[in-house]
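*Asks:* Submitted below is the structure of interest, expressed as C-alpha cells.
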Amino acid sequence: MKKVRTRFAPSPTGYMHVGNLRSALYAYLFAKQNNGDFILRIEDTDLERYVPGAVEVVYDTLAASGIKVDEGPNEGGPYGPYVQSERREIYLKYAQQLIASGDAYYCFCHKKRLDSLRDEKGVARYDKHCLYLSPIEIQARLNSGEPYVIRQNMPPTGVSDFTDLVFGKITVENRELEDHVLIKSDGYPTYNFANVIDDHLMAISHVIRGTEYLSSTPKYNLLYKAFGWEIPQYIHLTPIMKDETRKLSKRHGDANFDDFINKGYLSEAVINYIALLGWSPKGTREKFTINELIEHFSVDGLQKSGSIFDENKMKWLNGTYIRELPFERFMEYAIPYFEKSKIKGLYDYRKFGSLLQSRIDIFSEIPEKVEFILDFKAIEPEAYINKKFKVDINLAALIIEKSIPYWDKIRPWNEDELHKAIAEIGEKEGFKTGAVYSVLRLALTNHAVTPGGSPEIADILGQEESLRRLRQSLSWLCDK
C-alpha cells in the first residue's frame, strides 16, 4: 500500500489565514492518522505578493498549533528543495517535455491582444492562436529573445472526470478548460503547473485543498496523464464563511491566526475550533487536543457545505480551556495583560488571577475586568436597593457601620478570615448574610456586579484601603 504523504503549500504573502491553517491542520491530521508524512512546501513563485518574513510566520504558526513538519525547507528531506523558487529549472524541463509531446506550446501574444479577447463581462479566454505557429516561426521568435509564456494545450473535445473523497465524481467537458499558462514570461511556473510537478516528485498521495480548485483539477489531471504519472487522491474542503453569503478572506483583512493569539486566545483552542469548521466528529463532543483530533478525524465527517465562522463560539471554547489551565500556566498568559491594564504595579496579580480565571473567556478581557477596582467614587444611594435583597439605604448604612469594627480586628487579613467575619456580622447583628456580602461589595467598589465578592475584593485591596473605603461610603450615605 502506498505510503500516505500530504502537503501544505502556502504562499509566503503575510499572516496565516484561518482557512489556510485549516488546510494545514486537516492535511496533518490525515497524514498522522495513517502513519504518514506531512510536508511543508513554500510556493513563492508569485514574486509580486511575496512578503519578507512570511515563511517564518508559517513555521511559527504551525509550531504554535502543534503541527509538526516531517519534511520542509528547514527540515530537509529526500525530495527537496522544498521552496519553489529554488526549483525553476525542474519546471522548465518538464514544460519542454510537454511541448515536445504536443501537450503545451509557446505563446507570444502581448497584453493588448489578450485584452482584445475579453467578452462583455471582461472575461478573457485564450483562443489557441499561438498553437498554430510553425516551428520555424517559433524558433525565430525564441532566437530574437521575444517574451513568451508556455500554455497547456487542452483537448477541444471529450470530458475529464475524477473522484473526490468528499464530493464524489466530478465531470467537466474539456471544451470548458482554457489553455492556461504553465510558465510565465519571467520564467517562473504558475501554481497550476508547479503544484502538479511538485506533488508528483514529492510522492504526495493525497492532495487536500479548498473547493476553489475543484474546477481546475481536471486541468491538473490532464498534466498527470500527459506525463504518464499516477494521479493522487483528492480531498477538497468547503470554504469557511464570514456569513451565509461571504467567505472569510485574507485579502479583505479577515481573521488570521496571529490576530486571535494577540486577542488573548489560546492556540490549542483556536486549533480545536478551526478543526470543527467543516468537520463533524461523531457524537456531541467538541473539545479535542491535537492528539485526540488525530485519533478521531475522518474524511467521512467532512462537510459538503461551508461553515460559518462564529467567534462567539470560539470564545466560549477558549474559556473552557482557560478554566482548565493549571494556575501557574494561567498566570504566565495573564501577566502581560495585567501589565497592560490600569492596575499595573498596584495590586497583587496572583490574587486577581485567582479571581478571574473562571470569569474570562479570552485574556484580553483582563484589563477591562480589573478597572472596577480603581473606579471608587460617590455612590447614588439608590444603588443599594438590590432587587434580590431589597436593602434600603438606612439598612445599607447600618450594615457598613456595624461591619467596620469586625473588619478592623481581622488578623490575618485574607479571604478565609473575611468570609468568617461576614458570617459573624450576619449572625451577631441580625443581618441576612447575602445582604452583608452585597452591601459591602458595593461599598468597596461602587459596582453592584464585580468579578468576585467582597471578601475577594477586600483581600486584593488590603485592610487599610478596605476600611478607608467602607468609612468613605458610610460618609456618603449619611450625607444624603
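The values are calculated or read from the model by the stated rules, or taken from the named source; none is laboratory data. As the structure is a prediction and not an experimental result, all values here were calculated from the model. Heads up, the Cβs are rebuilt from the backbone with ideal geometry, glycines too, and the neighbour counts pull from every protein chain shown. Surface areas here come from the heavy atoms of the whole protein model, side chains and all, with no ligands, DNA or RNA. Shrake-Rupley method; radii C 1.70, N 1.55, O 1.52, S 1.80 Å.
*Asks:* What are the pairs with Cβ atoms under 7 angstrom where one residue, in segment 156-184, is more than 27 Å from Lys304 (Cβ to Cβ) and in contact (Cβ under 8 Å) with a residue 40 or more places away in the chain and the other, located anywhere, is of a type outside the set (Gly, Ala, Ser) and open to solvent by 50 Å² or more (accessible area, probe 1.4 Å)? Sequence gap at least six, or different chains.
*Replies:* Matching pairs, first to second residue: Ile183/Leu92.
*Asks:* Can I ask one more? Quick one: in segment 259-289, of everything that is touching a Ser or Thr at 6+ places or on another chain (Cβ under 9 Å) and basic (Lys, Arg), which residue is modelled with the highest pLDDT?
*Replies:* Lys287
*Asks:* In segment 377-417, what residues are more than 19 Å from Leu474 (Cα to Cα) and either in contact with a His (Cβ under 8 Å, 6 or more places away or on another chain) or at pLDDT 95 or above (or both)?
*Replies:* Of everything in segment 377-417, those that are more than 19 Å from Leu474 (Cα to Cα) and either in contact with a His (Cβ under 8 Å, 6 or more places away or on another chain) or at pLDDT 95 or above (or both) turn out to be Ile410, Arg411, Pro412, Trp413, Asn414, Glu415, Asp416, Glu417.
*Asks:* Hey, another quick one. I'd like the full set of residues that are of a type in the set (D, E, K, R) and in a loop (DSSP other than H, G, I, E, B), limited to segment 47-77. Talk me through it step by step, then tell me what you get.
*Replies:* Applying the first criterion (of a type in the set (D, E, K, R)) to segment 47-77 yields 48-49, 56, 60, 68, 70-71, 75.
Answer for segment 47-77, where residues must be of a type in the set (D, E, K, R) and in a loop (DSSP other than H, G, I, E, B): Lys68, Asp70, Glu75.
One line per residue, one yes/no per condition, for (1) open to solvent by 20 Å² or more (accessible area, probe 1.4 Å); (2) of a type in the set (Val, Ile, Thr):
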residue	(1), (2)
Arg5	no, no
Asn34	yes, no
Val57	yes, yes
Asn74	yes, no
Leu98	no, no
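*Asks:* Then there's this: Against the definition (hydrophobic (A, V, I, L, M, F, W, C), in a helix (DSSP H, G or I) and without any contact (Cβ under 8 Å) to a residue 40 or more places away in the chain), how does Ile422 come out, yes or no?
*Replies:* Here the answer is yes, as Ile422 does meet what is asked.
*Asks:* A further question follows. Considering each of Val69, Val55, Val83, Val18 in turn, give the residue that is β-branched (Val, Ile, Thr) and in contact (Cβ under 8 Å) with a residue 60 or more places away in the chain.
*Replies:* Just one listed residue meets the conditions, Val18.
*Asks:* Now for a separate question. Identify, from the list Asn174, Asn153, Asn143, Asn195, the residue that is under 20 Å from Tyr82 (Cβ atoms) and not β-branched (Val, Ile, Thr).
*Replies:* Asn195
*Asks:* Also, I was wondering about something else. Please verify whether Val123 is touching a Pro at 6+ places or on another chain (Cβ under 7 Å) and either within 30 Å of Val51 (Cα to Cα) or open to solvent by 30 Å² or more (accessible area, probe 1.4 Å) (or both), treating the condition exactly as stated.
*Replies:* On the way: touching a Pro at 6+ places or on another chain (Cβ under 7 Å): no; either within 30 Å of Val51 (Cα to Cα) or open to solvent by 30 Å² or more (accessible area, probe 1.4 Å) (or both): yes.
It is false that Val123 is touching a Pro at 6+ places or on another chain (Cβ under 7 Å) and either within 30 Å of Val51 (Cα to Cα) or open to solvent by 30 Å² or more (accessible area, probe 1.4 Å) (or both).
*Asks:* Determine which member of the set Asp300, Asp348 is open to solvent by 60 Å² or more (accessible area, probe 1.4 Å), touching a residue at least 24 places away in the same chain (Cβ under 8 Å) and more than 16 Å from the chain's Cα centre (by Cα).
*Replies:* Within the list Asp300, Asp348, the selection yields Asp348.
*Asks:* Additional query: Just to check your reading of the model, which residue among Asp186, Asp164 is charged (D, E, K, R) and at pLDDT 95 or above? Reasoning before the result, please.
*Replies:* Numbers: Asp186 fails: at pLDDT 95 or above.
Just a single option satisfies the conditions, and that option is Asp164.
*Asks:* Checking the condition open to solvent by 10 Å² or more (accessible area, probe 1.4 Å), touching a residue at least 12 places away in the same chain (Cβ under 8 Å), farther than 30 Å from Tyr94 by Cβ and of a type outside the set (A, V, I, L, M), which residue from Thr245, Thr289 passes?
*Replies:* Criteria check complete, one pass: Thr289.
*Asks:* Follow-up question, since we're still on this one. If Tyr347 meets every condition in (1) under 18 Å from Glu465 (Cα atoms); (2) part of a loop (DSSP other than H, G, I, E, B); (3) in contact with a Lys or Arg (Cβ under 7 Å, 6 or more places away or on another chain) apart from one, which number is that one?
*Replies:* (3)
*Asks:* Could you say which residue among Val51, Val55, Val83, Val69 is among the aliphatic types (A, V, I, L, M), within 14 Å of Ala9 (Cα to Cα) and at pLDDT below 95? Outline the logic, then answer.
*Replies:* Details: Val51 fails: within 14 Å of Ala9 (Cα to Cα); Val83 fails: at pLDDT below 95; Val69 fails: at pLDDT below 95.
One residue alone meets the criteria, Val55.
*Asks:* While we're looking at this one, here's another question. Do we have Asn256 as surrounded by fewer than 15 Cβ atoms within 10 Å (Cβ to Cβ), of a type in the set (S, T, N, Q) and at pLDDT below 95 here?
*Replies:* No, not satisfied.
*Asks:* Right, next: Scan segment 275-316 for residues that are hydroxyl-bearing (Ser, Thr, Tyr), closer than 23 Å to Leu248 by Cα and in a loop (DSSP other than H, G, I, E, B) and jot them down.
*Replies:* Answer for segment 275-316, where residues must be hydroxyl-bearing (Ser, Thr, Tyr), closer than 23 Å to Leu248 by Cα and in a loop (DSSP other than H, G, I, E, B): Ser280, Ser305.
*Asks:* Next up: Given Leu474, Leu442, Leu398, which one is among the aliphatic types (A, V, I, L, M), part of a helix (DSSP H, G or I) and open to solvent by 60 Å² or more (accessible area, probe 1.4 Å)?
*Replies:* Leu398
*Asks:* Now a separate question. Condition first: under 16 Å from Gln472 (Cα atoms) and touching a residue at least 60 places away in the same chain (Cβ under 8 Å). Now tell me which residues in segment 362-376 satisfy that.
*Replies:* Ile373, Asp375, Phe376
*Asks:* Here are the criteria: (1) on the phi > 0 side of the Ramachandran plot; (2) open to solvent by 50 Å² or more (accessible area, probe 1.4 Å). Tell me which single one Tyr15 does not satisfy.
*Replies:* Unmet condition: (1).
*Asks:* Taking the residues in segment 273-286 that are small (Gly, Ala, Ser) and open to solvent by 10 Å² or more (accessible area, probe 1.4 Å) as candidates, determine which candidate is farthest from the chain's Cα centre (by Cα).
*Replies:* First, the residues of segment 273-286 that are small (Gly, Ala, Ser): 275, 278, 280, 283.
If we keep only those that are open to solvent by 10 Å² or more (accessible area, probe 1.4 Å) too, we end up with 280, 283.
Numbers: Ser280: 18, Gly283: 24 Å.
My answer is Gly283.
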